[in-house]
Amino acid sequence: MREFATGEIEKPARYMGGELNCVYKKGAPVLFALCFPDIYEVGMSHLGSAILYKILNAREDTYAQRVYAPWTDMGARLAKAGAPLCSLEEDRPLHAFDIVGFNLSYEMSYTSVLYMLDLGGIPLLASEREGCPIVAGGGSCVVNPEPVADFFDLFVIGDGEEAAGELSGLMAAHKKKGFDRKAFLLSAAKLDGVYVPSLYRPEYNADGTISKIKALLGAPEKIQKRLARDLNAAPAVTRPVLPYIATVHDRCVLEIMRGCTRGCRFCQAGYIYRPVRERSVGALLSQARQVICATGYDEISLSSLSSGDYSGIGELAGALLTEYEEKKVSVSLPSMRVDSFPPEVAEKLQHVRQTGLTFAPEAGTQRLRDVINKNVTEEDIFEAVRNAAGSGTRTIKLYFMIGLPTETQEDLLGIADLARRIRDEAAKAPREGRRARIAITVSVACFVPKPQTPFMWEAQDTLDVLWGKIAFLRERLKIRSVKFDYHDPRLSFLEAVFARGDRRLSAVLLKAHASGCVFDSWQDCFDPKKYDRAFEESGIDPKWYANRKRELTEIFPFSHIDYGIDENYLKKELEKAYAGEGTPDCRKGCRACGLEKDGLCIQGGGR
Amino acid sequence: MRAVVKYTRRGAARYVSHLDMQRAFGRALRRAKLPVKFSEGFNPHIVMSFASPLSVGIGTEGDYLEVRFEKDCAGEEIINRMNAVLPKDIRILSAGRLEEGAPKLMAQNHSAEYELVFEGDMEAAAQKFLKAESFLTHDRKGKEIDIRPLVLDLAAKKNVLKARLENSSRAALNPAVLAGALGGGAAITRTECFYLKDGRALPMDSLERE
């Protein structure tokens, strides 16, 4: 299936492999497919997959190969020819691997997982998979893997750096003595952070809520997340596979830290990636040198949840700018206050062309920003705008959320008001060299309550309410040189359903897949009517999952998955949210979120 | 120094678009640590251009690009350093100095030779085509054109067709259009690019100077 007539399918290079730095090896007993449930360009941009590719291929006993979701044209071609979905490295069918691992970073990729399993010749239900590969999942969605629990043999909770290799080693040992699926899963369940869903049975109350989650056959009551404590000791990508075709993040990406100390109450990443772990400036500079040498990339960018908070940002920025100026490698730095950089770096920054400023006030009023603990003041925003406008920025992108707990009309008006004042502030900047006004985009997303956050008990606004708010904002944002766009609320609604959903939703996903749902996050593929039908035919009301406020005593479907955050801490944060009370950055003192207890936190917990 | 570089692309690289090919060579030149010259301006890029873009899906055994270096580089060095860092499906065959005053390669294109591998025997179709005075077909935009004068040489052996096609700024024939006109789908490889010297078409690697 690797010969394509002209124009037969879009971008055949997606399916060819053969890129620079792609790994070829022979004789490894464990074959590990690293799958990403989206197209090549998206999957190739995912840093976590690149890290696992490196770690697994560094093991003598494992050959990790990449598999991405074929776009619908290629999927149809495979299905028509009865040919299986294959890996890029060896052109090996998905069903001929020992472990098939999926990255789950987005709820709306679940149907694409089923699409890939189906095309790969692997039964969708884990219970029907005798003689087939072990299907594993990891990534941020496994905070609540229950809606897809029936499709997976196991999940890795938390950081995958160590657990992926352990699974591979376990597979090698089991293959040696004659592989038995049940025996393998029972031993896998003993690995830290490995969750084998078939060893747990949820029981339900008459009202549909969960009464208890029963651990079977000696499986642990709680599965604690894995944590890469020392990022400097964790392997970093130094020879990334270099794609031929342009991908989403087609540059050298340096992960400068993991976790965030800000404690925004809506932000799941801010909770599940705790504690903050930084990589040293020295390690990052060395990594950058190796990546640039191995790829020839002409751009370096920094990756983290909040790069401006990295303690060595000034030193790192200065060193990168100095080292790469001559090599004509550009360095993209976080938008932040120039005065937070040392003077010599600030001077260099003046010469870095800023293409655009991105800022996320998240809410339109200080009151609501206090509720969500977004510790940004209007002065911060205007300062960033003034700096950006002064250094030649052409565009300003502002991110807001609607439907946040306690939101009123005033908060929505605040969004429009803030956009107008930002535009006025930007217009004050000297216009030398700039032809047009600075273009401002106001981008609005609908709030999705997520597990392991203080808002996980909250109801999402109904679709009608969200559409109403969007219409209201569209009217109010008819402002010259301000553009308004929004995230499809129907997608946000489904995200909310699956984010806190339970195992009964797997029936819905099976029906959605059967009716052709795939690439749901792609506008031209998403078909909400198919989901509506899937819910209806399964006798499941999605609103019960998305729009229902939970009792504080309710047992969540994911209550056995332990990210180290104390539920009482989250309840206290929820209370403070309603009181409009802030929680300061935990670098300024421990807030006792729970991670300090088992010495998991290295942020100075317990002080 | 200006250098003319001859390369092949096979396997996966056949499906790389022209734009992506430019990026792949730019990155390879950086990895090779050759003393490339950068353009001036805010977004400096490597001064480099291809003789003739290749369509997605077409391999090559003889395509050319020119690169400008800050200082002199021996052909041998360019070949070795580039081949050490290129993906396996792209190989450098030769490299050498291009005369300072010579027109850009893309302005020197005259014709290009292709090998087209069809499913069935093409000998009769080729004979018929060569005898015809004109041969009307549709180009890729659906416009009717006469391709007969654009085919400079044509020879068939069983299912393999060898064709040299006009490839100049005046007129150019895409080999896929010829394939379509003669018998449908074919696996296409470009085998050489030619320029015109004293009325004779010569392979572009004869532009190389010591």
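How many residues does the stretch A:248-279 contain that are of a type in the set (S, T, N, Q) and either at positive phi or modelled with pLDDT under 95 (or both)? Even if it seems obvious, please write down each step before you answer.
Step one: filter the stretch A:248-279 for residues of a type in the set (S, T, N, Q), giving A:261, A:268.
So of that shortlist, the ones also either at positive phi or modelled with pLDDT under 95 (or both) come out as A:261.
Residues meeting the conditions: 1.
A residue that is within 14 Å of another protein chain (Cβ to nearest Cβ), basic (Lys, Arg), surrounded by fewer than 23 Cβ atoms within 10 Å (Cβ to Cβ) and outside any loop (DSSP other than H, G, I, E, B) occurs nowhere in the stretch A:14-30.
Looking at A:Glu89, A:Glu60, which one is under 25 Å from A:Arg129 (Cα atoms), of a type outside the set (Val, Ile, Thr) and assigned to a loop (DSSP other than H, G, I, E, B)? Write out each step before concluding.
On the way: A:Glu60 fails: under 25 Å from A:Arg129 (Cα atoms).
When all the criteria are applied, what remains is A:Glu89.
Inclusion of B:Gly57 among residues that are modelled with pLDDT under 95, touching a helix residue (DSSP H, G or I) at 6+ places or on another chain (Cβ under 7 Å) and not hydrophobic (A, V, I, L, M, F, W, C) is warranted.
If you go through the stretch A:269-300 and pick out every residue that is within 24 Å of B:Leu29 (Cβ to Cβ) and in contact with a Lys or Arg (Cβ under 6 Å, 6 or more places away or on another chain), you end up with 4.
When the stretch B:38-89 is filtered for residues that are at the interface with chain A (Cβ under 9 Å from one of its Cβ atoms) and either of a type in the set (Ser, Thr, Tyr) or in contact (Cβ under 8 Å) with a residue 12 or more places away in the chain (or both), the ones remaining, listed by number, are B:His45, B:Ile46, B:Ser55, B:Val56, B:Gly57, B:Ile58, B:Val85, B:Leu86, B:Pro87, B:Lys88, B:Asp89.
Scan the stretch A:555-605 for residues that are outside any helix (DSSP H, G or I) and among the aliphatic types (A, V, I, L, M) and jot them down.
Going residue by residue through the stretch A:555-605, those that are outside any helix (DSSP H, G or I) are A:555-566, A:579-585, A:589-605.
Within the stretch A:555-605, A:Ile555, A:Ile561, A:Ile565, A:Ala579, A:Ala592, A:Leu595, A:Leu600, A:Ile602 qualify.
Residues that are within 14 Å of chain A (Cβ to nearest Cβ) and under 21 Å from B:Arg200 (Cβ atoms) within the stretch B:90-114 comprise just one, B:Tyr114.
Taking the residues in the stretch A:456-514 that are more than 30 Å from A:His560 (Cβ to Cβ) and of a type in the set (Lys, Arg) as candidates, determine which candidate is surrounded by the fewest Cβ atoms within 10 Å (Cβ to Cβ). The residue in question is A:Arg480. Contact map, the stretch B:14-26: residues that are without any contact (Cβ under 8 Å) to a residue 24 or more places away in the chain paired with residues that are among the aliphatic types (A, V, I, L, M) and crowded, with 18+ Cβ neighbours inside 10 Å, Cβ distance under 7 Å, separation 6+ or inter-chain. Pairs shown: B:Asp20/A:Ile245; B:Gly26/B:Ile46; B:Gly26/B:Met48. Residues in the stretch B:21-37 that are within 7 Å of chain A (Cβ to nearest Cβ) and touching a helix residue (DSSP H, G or I) at 6+ places or on another chain (Cβ under 7 Å): B:Arg27, B:Ala28, B:Arg31.
Out of B:Lys162, B:Lys141, B:Lys128, one residue alone is basic (Lys, Arg), surrounded by fewer than 21 Cβ atoms within 10 Å (Cβ to Cβ) and over 20 Å from B:Ile58 (Cβ atoms). It is B:Lys128.
Restricting to the stretch A:495-536, count the residues that are part of a helix (DSSP H, G or I) and closer than 30 Å to A:Asp417 by Cα.
Total satisfying the criteria: 2.
Among the hydroxyl-bearing types (Ser, Thr, Tyr) and crowded, with 18+ Cβ neighbours inside 10 Å - does that describe any residue in the stretch A:72-80? Write out each step before concluding.
The first filter runs over the stretch A:72-80 and keeps only residues among the hydroxyl-bearing types (Ser, Thr, Tyr), leaving A:72.
Adding the requirement that they be crowded, with 18+ Cβ neighbours inside 10 Å leaves A:72.
So far as the stretch A:72-80 goes, yes, one or more of its residues are among the hydroxyl-bearing types (Ser, Thr, Tyr) and crowded, with 18+ Cβ neighbours inside 10 Å.
With the condition kept exactly as written, say whether any residue in the stretch B:3-11 is in a loop (DSSP other than H, G, I, E, B), modelled with pLDDT of 95 or more, under 30 Å from A:Gly7 (Cβ atoms) and within 14 Å of chain A (Cβ to nearest Cβ).
So the first thing to find is which residues in the stretch B:3-11 are in a loop (DSSP other than H, G, I, E, B), and the list is B:10.
If we keep only those that are modelled with pLDDT of 95 or more as well, we get B:10.
Of the ones still in play, those that are also under 30 Å from A:Gly7 (Cβ atoms) are B:10.
Now narrow it down to the ones that are within 14 Å of chain A (Cβ to nearest Cβ): B:10.
Yes, the stretch B:3-11 contains a residue that is in a loop (DSSP other than H, G, I, E, B), modelled with pLDDT of 95 or more, under 30 Å from A:Gly7 (Cβ atoms) and within 14 Å of chain A (Cβ to nearest Cβ).
Does at least one position in the stretch B:115-130 carry a residue that is within 14 Å of chain A (Cβ to nearest Cβ) and touching a helix residue (DSSP H, G or I) at 6+ places or on another chain (Cβ under 8 Å)? Write out each step before concluding.
Within the stretch B:115-130, the first condition is being within 14 Å of chain A (Cβ to nearest Cβ), and the residues that meet it are B:116-119.
After this cut, where a residue has to be touching a helix residue (DSSP H, G or I) at 6+ places or on another chain (Cβ under 8 Å) as well, the list is B:116, B:118.
Yes.
Exactly one residue out of A:Ala534, A:Ala512, A:Ala507 is aliphatic (A, V, I, L, M) and either touching a strand residue (DSSP E or B) at 6+ places or on another chain (Cβ under 6 Å) or touching a residue at least 60 places away in the same chain (Cβ under 8 Å) (or both): that is A:Ala512. Does A:Arg279 satisfy the condition of being within 17 Å of the chain's Cα centre (by Cα), surrounded by 21 or more Cβ atoms within 10 Å (Cβ to Cβ) and more than 14 Å from chain B (Cβ to nearest Cβ)? Spelling it out, it is not the case that A:Arg279 is within 17 Å of the chain's Cα centre (by Cα), surrounded by 21 or more Cβ atoms within 10 Å (Cβ to Cβ) and more than 14 Å from chain B (Cβ to nearest Cβ).
Considering the stretch A:213-230, the residues that are touching a residue at least 40 places away in the same chain (Cβ under 8 Å) and out of contact with any Asp or Glu (no Cβ under 7 Å at 6 or more places or on another chain) include one that is surrounded by the most Cβ atoms within 10 Å (Cβ to Cβ), namely A:Ile213.
Of A:Pro145, A:Pro123, which residue is in contact with a Gly (Cβ under 7 Å, 6 or more places away or on another chain), assigned by TED's automatic domain parsing to the domain that holds A:Ser109 and under 20 Å from A:Lys511 (Cβ atoms)? Step through it out loud before you land on a result.
Numbers: A:Pro123 fails: in contact with a Gly (Cβ under 7 Å, 6 or more places away or on another chain).
Exactly one of A:Pro145, A:Pro123 is in contact with a Gly (Cβ under 7 Å, 6 or more places away or on another chain), assigned by TED's automatic domain parsing to the domain that holds A:Ser109 and under 20 Å from A:Lys511 (Cβ atoms), namely A:Pro145.
Taking the criterion of being outside any strand (DSSP E or B) and either surrounded by 15 or more Cβ atoms within 10 Å (Cβ to Cβ) or without any contact (Cβ under 8 Å) to a residue 60 or more places away in the chain (or both), the residues of the stretch B:90-112 that qualify are B:Gly101, B:Ala102, B:Pro103, B:Lys104, B:Leu105, B:Met106, B:Gln108.
Here A:Leu413 does not fit the description of being on the phi < 0 side of the Ramachandran plot and crowded, with 16+ Cβ neighbours inside 10 Å. The residue pairs whose first member lies in the stretch A:286-301 and is crowded, with 22+ Cβ neighbours inside 10 Å, whose second member is basic (Lys, Arg), and whose beta carbons are closer than 6 Å, counting only pairs six or more residues apart or on different chains, are A:Gly296/B:Arg27; A:Gly296/B:Arg30; A:Gly296/B:Arg31; A:Tyr297/A:Arg251. Can you name the residue in the stretch A:1-12 that is closer than 17 Å to A:Cys86 by Cα and either free of Cβ contacts under 8 Å to residues at least 24 places away in the same chain or buried (at least 23 other Cβ atoms within 10 Å of the Cβ) (or both) and, of all such residues, is nearest to the other protein chains (Cβ to nearest Cβ)? Ranking the qualifying residues of the stretch A:1-12, first place goes to A:Pro12. The residue that is nearest to A:Gly193 (Cα to Cα), among those in the stretch A:215-263 that are assigned to a loop (DSSP other than H, G, I, E, B) and basic (Lys, Arg), is A:Lys225. Among the residues of the stretch A:311-322, those that are over 10 Å from A:Ser280 (Cα atoms) and either within 24 Å of the chain's Cα centre (by Cα) or aliphatic (A, V, I, L, M) (or both) comprise A:Ile313, A:Ala317, A:Ala319, A:Leu320, A:Leu321.
Only residues that are within 14 Å of chain B (Cβ to nearest Cβ), of a type outside the set (S, T, N, Q) and under 26 Å from A:Val241 (Cβ atoms) were counted across the stretch A:289-329, and they come to 14.
The values are calculated or read from the model by the stated rules, or taken from the named source; none is laboratory data. In this text, all values refer to a predicted model and were calculated from it rather than measured experimentally. Because the Cβ atoms are built from the backbone with ideal geometry, glycine has one as well, and the counts that use them run over all protein chains shown.
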